[in-house]
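The values are calculated or read from the model by the stated rules, or taken from the named source; none is laboratory data. Predicted model only: the values in this text are computed from it and were never measured. Cβ coordinates were reconstructed from backbone atoms using ideal geometry, including for glycine residues, and neighbour counts include every protein chain displayed. Just so you know, the surface numbers come from the protein's heavy atoms only, side chains and all, with ligands and any DNA or RNA stripped out. Shrake-Rupley method; radii C 1.70, N 1.55, O 1.52, S 1.80 Å.
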Amino acid sequence: MSLDSDAKKKILKQFTREVWSEGNIDASDNYIAPKYTILHDPGDPWEGRELDLAGYKERVKVLRAAFPDQCFDIRELFADGNAVVMTWLWSATHKGDIPGFPATGQTIKMSGATVYYFHGDRLTGHWQITDRLGV
């Protein structure tokens with residue numbers, strides 16, 4: 001199944017809202033391919049790994065645990081071939097411990113850009129840059 005750019009953008013918006021902002025981890029079933037590769041994501045412990053669907057869900061669960069109210073504000077979407085670039089602003093309350101950083105209860109903000117790759121209507125991986133140092 002080949003999708004046009006608008007369809008891919010729509011899928012990516014829905015995925016980001018449902019899975020990452022709303023925390024509906026099981027909705028990953030509707031978006032993630034059987035193999036998902038994190039091609040580049042410095043500071044992410046999963047960088048360079050290929051995940052199956054269960055592994056992807058575990059990643060979301062772990063990353064949302066410290067920031068259960070996280071929300072992505074999608075700024076721009078650009079599509080080319082099998083890729084969609086999403087620029088975003090992120091905010092969350094630091095409610096849970098992460099290695100080396102105990103929960104602070106403070107609101108944290110971050111910005112970034114992510115290239116998501118598609119095969120048909122499924123996401124197969126991403127390449128991301130973020131301002132983690134600013135956090």
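Here is how the numbers come out for the structure above:
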read-out	value
Residue among 95, 61 that alone is closer than 22 Å to residue 17 by Cβ, touching a helix residue (DSSP H, G or I) at 6+ places or on another chain (Cβ under 7 Å) and open to solvent by 30 Å² or more (accessible area, probe 1.4 Å)	61
Residues of segment 13-39 satisfying the condition of being out of contact with any Leu (no Cβ under 9 Å at 6 or more places or on another chain) and among the small types (Gly, Ala, Ser)	21, 23, 27
Of all residues making up segment 10-21, the number that are of a type outside the set (Phe, Trp, Tyr) and open to solvent by less than 50 Å² (accessible area, probe 1.4 Å)	6
Every pair of residues 6+ apart whose Cβ atoms lie under 6 Å, when the first sits in segment 9-38 and is farther than 21 Å from residue 113 by Cα while the second is part of a helix (DSSP H, G or I) and open to solvent by 30 Å² or more (accessible area, probe 1.4 Å)	24/18; 25/57; 25/61; 27/18
Residue, farthest from residue 129 (Cα to Cα), within segment 22-46, restricted to residues that are surrounded by fewer than 18 Cβ atoms within 10 Å (Cβ to Cβ), modelled with pLDDT of 95 or more and in contact with a strand residue (DSSP E or B) (Cβ under 7 Å, 6 or more places away or on another chain)	35
Search result, residues across segment 66-78 that are open to solvent by less than 70 Å² (accessible area, probe 1.4 Å) and of a type outside the set (Asp, Glu)	66, 67, 68, 70, 71, 72, 74, 77
Residue 101, sole failed condition from (1) modelled with pLDDT of 95 or more; (2) open to solvent by 80 Å² or more (accessible area, probe 1.4 Å)	(1)
